[in-house]
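What follows is a set of notes on a single structure, which appears directly below.
The values are calculated or read from the model by the stated rules, or taken from the named source; none is laboratory data. These figures come from a predicted structure and were not determined experimentally. Using ideal geometry, Cβ is built from the backbone for each residue, glycine included, and neighbour counts are taken over all protein chains shown.
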């Protein structure tokens with residue numbers, strides 16, 4: 001346990017500048033939201049939601065970069081030191097993942113808070129349930145179904161490329177892995193779509209959407225019962241992420257330094 | 001027997017790091033692994049540490065595969081591999097958190113003895129970082145130390161102090177396998193000398209036997225590898 005806590009601390013020391021920059025960028029986004037001065041309330045809310053969407057997307061990219069900085073460690077020899085430490089490869093990989101996940105949770109809960117603020121500014125006052133969904137359920141669903149697989153995939157890719165150095169013949173599996181990523185994601189996406197909505201859906205933002213619909217019934221084509229959210233993408237992506245984490249840990253465990 | 005290499009070959013993509021290497025390493029021995037650049041010293045130490053796996057042959061260290069016993073040995077690589085943000089204080093946190101055999105008192109003693117400045121490594125010279133790495137490595141209480149070029153890049157006084165630290169470890173019964181190009185300075189420490197040439201053992205002898213023949217390690221090095 002002490003070893004794992006030390007690995008988390010190490011990850012914090014390695015990545016705290018990235019984490020601080022990412023969380024600090026929220027101030028910039030909040031400033032940006034305040035700069036939207038379009039008079040039409042609906043249009044203003046739309047632009048603000050788009051800005052929050054960009055912040056959410058950039059968060060995924062920054063977090064992937066943060067978790068994937070392993071090649072530099074390999075070049076500088078730090079990876080070799082870590083390979084010889086007592087904790088297993090699984091724990092090394094898990095510590096990196098959990099730190100990034102922790103930063104992501106803070107970031108996306110605040111993003112949820114920004115959306116709440118946008119709603120309030122547009123005159124939409126969601127009920128307590130919708131506020132909780134904006135701050136917790138929505139961000140956690142997005143993190144589980146989208147961010148976690150991206151983070152774990154990046155981790156796996158970088159552990160793989162650091163492990164095999166992608167030199168000589170190792171370039172072949174490396175290129176296959178990188179070039180195959182979009183096809184793999186598309187294949188997984190198609191698979192998920194084909195099975196989605198088999199299980200009961202989760203209704204989210206019911207209070208919020210009802211209010212929004214009252215506010216602008218023509219523009220917002222949403223139901224008063226809330227947005228139907230499929231469970232399947234979340235469970236499938238989480239299961240795939242666990243498998244990829246195990247593979248990354250196994251590679252770490254077996255690799256040469 | 002603390003470690004054994006049996007007909008070990010390590011093949012890289014185009015070259016061979018070591019070839020058919022067979023060595024038995026006893027407890028409580030200081031063994032100098034010497035050779036020209038590219039002779040296989042680093043490959044041999046990495047194999048013994050479990051960082052590399054042999055293409056052919058078998059290695060045991062501390063009674064089992066080196067990687068499985070990694071927590072019970074020290075490997076100090078030749079690469080300057082400390083994080084830029086790391087200070088001696090962080091080094092203590094890192095080592096103390098990961099290694100059960102870490103001795104904080106010894107670490108502080110070594111920091112003082114090797115005159116390691118208490119600042120982040122990015123503000124240290126190469127030699128100062130080398131001394132910090134050495135203090136971190138020698139502050140663990142293990143039976144097998146694998147040290148690859150621990151004297152490289154550090155000043156004369158620190159080299160002498162490093163050698164004294166190694167002597168102290170050896171007196172506690174530890175085995176030290178030391179690779180260095182500073183042959184003349186380290187030769188007083190060696191009990192056994194292994195000269196590597198193109199990945200093979202060119203000479204494996206006791207230092208005492210060389211002294212009895214009136215030879216130094218340096219002159220033997222020149223004679224065999226020159």
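Identify the residue in region A:17-37 that is in a helix (DSSP H, G or I) and loosely packed, with under 14 Cβ neighbours inside 10 Å and, among all such residues, is nearest to the other protein chains (Cβ to nearest Cβ).
If we take residues in region A:17-37 being in a helix (DSSP H, G or I) and loosely packed, with under 14 Cβ neighbours inside 10 Å, then A:17 is nearest to the other protein chains (Cβ to nearest Cβ).
Given the conditions (1) closer than 27 Å to residue B:4 by Cα; (2) within 13 Å of chain A (Cβ to nearest Cβ); (3) surrounded by 17 or more Cβ atoms within 10 Å (Cβ to Cβ), which single one is not true for residue B:101?
Residue B:101 satisfies all of (1) closer than 27 Å to residue B:4 by Cα; (2) within 13 Å of chain A (Cβ to nearest Cβ); (3) surrounded by 17 or more Cβ atoms within 10 Å (Cβ to Cβ) except (3).
Out of region B:1-16, which residues are over 8 Å from residue B:57 (Cα atoms) and either more than 14 Å from every other protein chain (Cβ to nearest Cβ) or assigned to a strand (DSSP E or B) (or both)?
Hits for region B:1-16 are B:1, B:2, B:3, B:4, B:10, B:11, B:16.
If you check residue A:5 against the conditions, is it within 14 Å of another protein chain (Cβ to nearest Cβ) and either within 13 Å of residue A:121 (Cβ to Cβ) or modelled with pLDDT of 95 or more (or both)?
yes
Take the conditions within 14 Å of another protein chain (Cβ to nearest Cβ) and under 14 Å from the mean Cα position of the chain (by Cα) and apply them to residue B:132. Does it pass?
no
Tally time: how many residues in region B:51-85 are more than 8 Å from chain A (Cβ to nearest Cβ), part of a loop (DSSP other than H, G, I, E, B) and surrounded by 21 or more Cβ atoms within 10 Å (Cβ to Cβ)?
1
Tell me, which residue of region A:62-93 that is buried (at least 20 other Cβ atoms within 10 Å of the Cβ) and away from chain B (no Cβ under 14 Å) is farthest from residue B:50 (Cα to Cα)?
Here the residue is A:63.
So the check is Cβ under 8 Å with 6+ separation or different chains; which pairs have a first residue in region A:6-33 that's free of Cβ contacts under 8 Å to residues at least 40 places away in the same chain and a second one that's assigned to a helix (DSSP H, G or I) and surrounded by fewer than 15 Cβ atoms within 10 Å (Cβ to Cβ)?
Listed by first residue and then by second, the contacts come to A:25/A:58.
Restricting attention to region A:38-61, which residues are in contact with a helix residue (DSSP H, G or I) (Cβ under 6 Å, 6 or more places away or on another chain) and surrounded by fewer than 15 Cβ atoms within 10 Å (Cβ to Cβ)?
Once the filter is applied, which keeps residues that are in contact with a helix residue (DSSP H, G or I) (Cβ under 6 Å, 6 or more places away or on another chain) and surrounded by fewer than 15 Cβ atoms within 10 Å (Cβ to Cβ), region A:38-61 yields only A:38.
Based on what the data block shows, is residue A:131 at pLDDT below 90, surrounded by 13 or more Cβ atoms within 10 Å (Cβ to Cβ) and over 25 Å from residue A:66 (Cα atoms)?
When the stated conditions are applied, residue A:131 passes them.
Can residue A:111 be described as touching a residue at least 60 places away in the same chain (Cβ under 8 Å) and away from every other protein chain (no Cβ under 14 Å)?
It is true that residue A:111 is touching a residue at least 60 places away in the same chain (Cβ under 8 Å) and away from every other protein chain (no Cβ under 14 Å).
Looking only at region B:110-128, count every residue that is closer than 26 Å to residue A:2 by Cβ and buried (at least 16 other Cβ atoms within 10 Å of the Cβ) and tell me the total.
Summing the residues that are closer than 26 Å to residue A:2 by Cβ and buried (at least 16 other Cβ atoms within 10 Å of the Cβ) in region B:110-128 gives 5.
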